[in-house]
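Q: Sharing a structure below in structure tokens format, with a few things to ask.
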Amino acid sequence: MKKYIVTLLILIMSFSTVAHDDKDHSNKDRKAIIDIIASIKYGWENGDGLPFRRNFLDFKGARYIEGGGQNEGVDSLVSHHVEPEKDALEFLSLDFNDIEVHFEGDDKSFAWAIADTRVKGKVNKSGKEFDKSGYQTFLFRKIDGYWKVVHSHSSSRDYKPKKEHKH
């Protein structure tokens with residue numbers, strides 16, 4: 001009976017350790033994905049393609065959707081949007097809020113994230129300012145222990161603050 005109880009306790013402890021490690025692992029992965037999203041924000045605001053080249057998987061058939069346009073591969077995204085917008089805009093401010101991260105599959109090697117977005121800027125040539133809000137979706141795949149963006153899609157429209165109800 002004593003051996004049975006000891007065996008049962010060891011089994012229970014090992015399961016709780018595995019569950020604890022899985023939660024820590026999930027939190028670590030969630031943090032890694034949120035850090036990638038933060039680096040993408042930095043890249044957009046500073047016209048820096050490096051965060052995209054480090055964190056986006058460049059593969060045949062890759063599509064990254066920004067501003068209603070489709071970029072085939074990381075080079076297209078960086079050279080046609082990220083870097084040129086730095087010179088075309090007096091300033092660009094991008095916020096990702098309420099980021100949700102979801103993991104899929106038994107091995108948790110696929111994840112997707114959705115965030116509320118707010119983007120503000122001023123165009124150098126015309127002096128026109130813009131203020132838009134919308135959503136950004138990122139699809140991630142874990143490759144060799146690192147999360148990589150395999151697809152992104154943003155959608156926004158002119159920002160309209162919600163009206164408060166008066167009683």
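The values are calculated or read from the model by the stated rules, or taken from the named source; none is laboratory data. This one's a predicted model, so the numbers in the text were calculated from it and none came from an experiment. Because the Cβ atoms are built from the backbone with ideal geometry, glycine has one as well, and the counts that use them run over all protein chains shown. Protein only, heavy atoms only, side chains kept; ligands, DNA and RNA dropped before computing areas. Shrake-Rupley method; radii C 1.70, N 1.55, O 1.52, S 1.80 Å.
Q: Which far-off residues, 5 or more places away or on another chain, put their amide H under 5 Å from the one on VAL101, with H placed in the peptide plane?
A: Amide H neighbours of VAL101, under 5 Å, 5+ apart: none.
Q: Which lysines does LYS162 reach when only Cα atoms under 19 Å apart count, and residues fewer than 8 places away in its own chain are ignored?
A: Of all the lysines, those that pass the test against LYS162 - Cα under 19 Å, at least 8 places apart if same chain - are LYS120, LYS132.
Q: Among DSSP beta bridges whose residues both lie in the range 34-167, state the antiparallel percentage, nearest 5.
A: Roughly 90 percent of the beta bridges in the range 34-167 run antiparallel, per DSSP.
Q: Once label points are set 7 Å from the Cα along Cα→Cβ at both ILE143 and ILE99, what is their separation, rounded to one decimal in nm?
A: About 2.0 nm, to one decimal.
Q: Measure off, as a whole percent, the carbon and sulfur share of the 1.4 Å-probe accessible area of the range 67-123, all protein chains present.
A: The C+S portion of the solvent-accessible surface of the range 67-123 is 45 percent.
Q: Let me ask another. Within the range 76-115, name every residue whose backbone N is under 15 Å away from a label modeled 7 Å from Cα of ILE65 along the Cβ vector.
A: Within reach of a label on ILE65, which here means backbone N under 15 Å from a point 7 Å along Cα→Cβ, the range 76-115 contributes 113-115.
Q: Can you classify the range 15-128 as rounded, prolate or oblate using the Cα gyration tensor, where a ≥ b ≥ c are the square roots of its eigenvalues, rounded means a/c under 1.5, and otherwise it's prolate if a/b beats b/c and oblate if not?
A: Prolate.
Q: Among LYS122/LYS163; LYS60/LYS128; LYS60/LYS122; LYS41/LYS142, which pairs are too far apart, with a Cα-Cα distance over 30 Å?
A: LYS60/LYS128; LYS60/LYS122
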